[in-house]
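For reference, the structure discussed in these notes is given below.
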Amino acid sequence: MTGAVATRPAQLRVPAERRPDLALSQLRLMLLMLLFIGATAAIGLRIAYLSLFADNSTNRAHAGAVARGDILDRNGIPLAQTIDAWSIGIHPAKVIGDKRALAESLARLMPERSADDYYAILSSKLTFTYLRRRATPELVAAVNRLGEPGIDLGREPERIYPQGMLAAHVLGFTDFNGNGVSGMEKVLERDLTGRLRGSGATLSIDSRVQQALEAELYAAMTKFSAIGAAGVVLDIKTGEVIALTSMPELNPNKPAQQGPDAAFNRATLGVYELGSTFKPFTVAMAMEDGIVKSFGQTYNCPRVLQAGRFSITDTHPFGRACSVAEIMKESSNIGTAQIAAQVGATRQREWLRRMHFLQRVSIELPERGRPLNPGANWGDIATMTVGYGHGIAVSPLHLATGYATLFNGGWWRPATLMKHHAGNPVPQGERVFSEETSYKMRALLRLVVTEGTGKKADAPGYRIGGKTGTAEKIAGGRYTSGAVVTTFAGVFPMDEPRYVIVAMLDDPKATKDTYGFHTAGWNVAPVVSGVVSRIGPMLGVMPDPSREANLAEVLPFVHEKE
């Protein structure tokens with residue numbers, strides 16, 4: 001039986017008439033592939049060309065901008081940082097849409113310019129210009145929706161100050177190109193933009209203390225309608241500035257919108273006659289020169305003291321003999337003038353030179369004012385008035401370093417805004433006053449707060465000592481009692497001094513609460529009380545009613561006023 005045999009299928013053949021069609025399809029496919037490859041290559045070459053040769057200045061600027069290092073407070077809290085921000089620019093030659101319509105749209109979104117201004121820019125021969133820097137993401141999105149290829153939306157570093165206006169006069173600010181313009185931003189330019197910028201810079205400022213100082217000082221400035229204010233908290237042994245402020249406040253996030261008054265640093269650049277806050281220096285000079293041997297030493301304190309053609313008076317006149325302790329307690333110009341006269345012009349000037357009061361204050365900030373003094377006219381009368389803080393003008397920071405020198409054992413050290421550490425040790429300083437004088441002065445200034453003109457500066461348990469100062473301002477070439485600068489310079493705790501605090505109000509006004517007075521004891525002394533009560537625990541100084549300065553040094557020499 002013959003089996004069935006499977007037959008092999010014949011090979012598929014393409015009819016001859018269809019072969020040209022297939023070849024044509026293959027050719028078309030090949031052409032499409034070549035076109036695609038060519039287009040891709042053209043795009044790639046165009047991108048390469050643009051990156052190398054085209055005007056792409058904004059992108060190069062963005063890419064080449066150096067990320068500025070952070071500035072931190074002593075506890076690591078950021079005070080200045082750099083983030084990526086948006087900028088909006090325009091290449092007028094690349095605009096393809098209706099320029100008039102685009103100008104109208106830009107004016108609606110960015111009304112700082114008119115539609116005509118934008119149209120002028122779009123019609124100009126400028127290669128590129130910025131329309132807005134530090135733009136918000138919302139604005140960038142809205143501009144992007146305009147769909148205009150000539151608009152350049154770029155990213156660039158932006159300097160921000162996350163704590164707002166806190167310590168603004170310390171920090172300063174940068175320009176739009178990220179360069180330091182003022183303050184520590186200018187001082188630390190190389191450190192913040194150099195190879196080690198990643199670590200940033202750590203200041204001596206404590207943002208908690210800074211906030212308390214600013215809040216209390218601003219409240220007093222507002223309450224007494226002062227035109228300005230300044231304050232300093234200084235470590236008495238290291239010279240580190242823990243807080244420093246000037247008011248009106250500066251907003252470093254919007255520096256272009258600030259007036260010259262806000263930019264002015266009253267704490268270091270401003271110099272003022274600081275009045276009776278100078279009296280402790282005069283007494284200390286006399287003690288060092290062997291003139292004052294005891295706080296019980298007496299001087300004739302008439303109601304008016306004639307000094308040449310000038311008359312020296314007191315707010316609280318004695319009209320009798322008074323002790324050195326009483327002179328300080330009642331802030332007697334007459335008594336202090338006599339002590340200064342005994343010291344003499346030559347020695348007084350030398351003491352002030354050793355305290356660095358005759359030169360710009362020692363601090364890293366570029367904003368430092370030049371002190372004013374009698375100069376060639378430093379005769380007998382000038383010596384007497386300088387003794388109680390008139391005729392000499394220094395900055396509030398000068399005053400703070402002076403009190404640190406007087407109460408830290410007698411060593412002058414420069415103030416610093418950089419935190420001390422192993423690589424930045426505390427300088428030895430220069431000996432000015434003896435340890436004995438430094439110790440004895442504690443009781444004298446504690447007396448001013450417990451029983452004298454500085455009572456409102458006291459904060460229970462913190463043992464504040466210090467001195468009030470009310471100095472008349474000059475108007476029309478003459479001193480006027482209508483406008484004053486009031487200051488309190490203090491130290492706490494006075495039994496073991498650790499910090500200096502200086503608070504100043506420029507031209508405070510009298511109120512109903514102050515019974516018509518505008519002196520320091522009424523308006524600026526309470527600022528010190530409020531600040532110390534808030535910052536004491538932050539700085540490790542706890543209230544202790546059981547501790548006190550050795551007032552036995554002065555109390556036996558204080559008598560009831562007649």
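The values are calculated or read from the model by the stated rules, or taken from the named source; none is laboratory data. Everything numeric here is computed off the predicted structure, so don't read it as measured data. Ideal geometry is used to build each Cβ from the backbone, glycine not excepted, and the neighbour counts take in all protein chains shown. Accessible surface is based on the protein model in full, side chains and every heavy atom, while ligands, DNA and RNA are left aside. Shrake-Rupley method; radii C 1.70, N 1.55, O 1.52, S 1.80 Å.
So how do 216, 112 rank on accessible area, 1.4 Å probe, biggest first, that is with the largest at the start?
112, 216
What accessible area per residue comes out for the chain, rounded to a whole number of Å², with a 1.4 Å probe?
Value for the chain: 47 Å² per residue.
With an 8 Å cut-off on Cα pairs and a minimum separation of 6 or more residues, tell me the relative contact order of region 123-221 in percent.
Reported as a whole number, the value is 15 percent.
Below 8 Å, C-alpha to C-alpha, sequence gap of six or more: please give me the relative contact order for the chain in percent.
That works out to 14 percent.
Over all directions, the average projected area of the alpha-carbon convex hull for region 258-313 comes to how many nm²?
Here the figure is 7.0 nm², rounded to one decimal.
Do the sum for the chain: with -39,500 (n - 2.57) for every DSSP H run of n ≥ 4, divided by all residues, what is the mean residue ellipticity at 222 nm, to the nearest 500 deg cm²/dmol?
Result for the chain: -10000 deg cm²/dmol, rounded to the nearest 500.
Taking only the Cα atoms of the chain, how large is their convex hull per residue, in Å³?
About 292 Å³ per residue, rounded to a whole number.
When only C-alpha pairs under 8 Å and at least 6 residues apart count, what is the relative contact order of region 170-290, in percent?
16 percent
Under a plain spin-label model, where a point goes 7 Å from the Cα along Cα-to-Cβ, how far apart in nm are residue 116 and residue 40?
Here the answer is 5.4 nm between the modelled labels.
Out of the total accessible area of region 199-254 (probe 1.4 Å, heavy atoms of protein only), what percent is carbon and sulfur?
Ligands and nucleic acids excluded, carbon and sulfur reach 52 percent.
Using a simple spin-label model with points 7 Å from Cα along the Cα→Cβ vector, what separation in nm is obtained for residue 515 and residue 145?
6.6 nm
Label residue 136 and residue 307 with points 7 Å out from Cα along Cα→Cβ: what is the distance between them in nm?
5.9 nm
Loop only by DSSP, 14 or fewer other Cβ within 10 Å of the Cβ. Give me the trypsin sites (Lys or Arg not before Pro) in region 444-553 that pass, ordered by residue number.
Answer in residue order: 512, 547.
Test of understanding: extend the Cα→C-beta vector of residue 430 to 7 Å, then name every residue of region 355-391 with backbone N under 14 Å from that spot.
355-363
Hey, with R₀ at 22 Å, roughly what FRET efficiency would residue 264 and residue 160 work out to, going by the Cβ-Cβ distance, to 0.05?
With a Förster radius of 22 Å, E is 0.45.
Please compute, over every Cα-Cα pair in region 210-309, the percentage with a separation greater than 21 angstrom.
57 percent
List the lysines whose alpha-carbon lies under 23 Å from that of residue 512, not counting same-chain residues fewer than 8 positions away?
Answer for residue 512, where 23 Å is the Cα cut-off: 223, 455, 456, 473, listed by chain and number.
Mind checking the angle between helix 207-223 and the chain's longest principal axis? C-alpha axes, 0 to 90 degrees, to the nearest 10.
The angle comes out at about 70 degrees.
Placing unit charges on C-beta atoms (Lys and Arg positive, Asp and Glu negative, everything else neutral), compute the dipole magnitude of region 236-311 about its Cα centre in debye, rounded to 20.
Using only the charged Cβ atoms, the result is roughly 240 debye.
Using a 1.4 angstrom probe on heavy atoms only, work out the carbon and sulfur share of the accessible area of region 104-165 in %.
For region 104-165, the apolar C and S fraction of the accessible surface comes to 50 percent.
May I ask you to derive the FRET efficiency for residue 483 and residue 96 from their Cβ-Cβ distance with R0 = 45 Å, giving the value to the nearest 0.05?
The calculated FRET efficiency here is 0.10.
How large is Rg over Rh for region 132-205, taking Rg from the Cα atoms and Rh as the Kirkwood inverse mean of 1/r across Cα pairs?
That ratio is 1.10, to two decimals.
With a 1.4 Å probe and all protein chains left in place, how much of the accessible area of region 355-394 comes from carbon and sulfur atoms, in whole percent?
The nonpolar share, carbon plus sulfur, comes to 48 percent.
Identify, among 81, 461, 526, the residue whose Cα sits farthest towards the positive end of the charge dipole of the chain, taking +1 on the Cβ of Lys and Arg and -1 on the Cβ of Asp and Glu, with the dipole about the Cα centre.
Final value for the positive-end residue is 81.
Answer with one residue from 543, 296, 362: the one whose Cα lies farthest towards the positive end of the charge dipole of the chain, charges on Cβ with Lys, Arg +1 and Asp, Glu -1.
Going by the charge dipole, the pick is 362.
Semi-axes of the equivalent ellipsoid of region 411-513: what are they in whole Å, largest first, if each equals the square root of 5 times a C-alpha gyration tensor eigenvalue?
30, 20, 14
Largest first, please: the extent of the C-alpha atoms of region 343-490 along each principal axis, to the nearest Å.
Principal axes ranked by extent give 52, 37, 30 Å for the Cα atoms.
List the lysines whose Cα lies under 21 Å from the Cα of residue 186, skipping any in the same chain that are fewer than 8 positions away.
Here the lysines satisfying the reach criterion relative to residue 186 are 254, 419.
Calculate I(q)/I(0) for region 441-562 by the Debye formula, one identical point scatterer on each C-alpha and no solvent, and give its log10 at q = 0.15, 0.17 Å⁻¹ to two decimals.
At q = 0.15, 0.17 Å⁻¹ the computed log10 ratios are -0.70, -0.85.
What is the set of long-range amide H partners of residue 85 at a cut-off below 5 Å, with H atoms built 1.01 Å from backbone N?
Close amide H contacts, sequence-distant or interchain: 156, 158.
If the reach is capped at under 16 angstrom between alpha carbons, list the lysines near residue 279, excluding any in the same chain fewer than eight residues apart.
Candidates past the 8-residue exclusion: 329, 440, 467.
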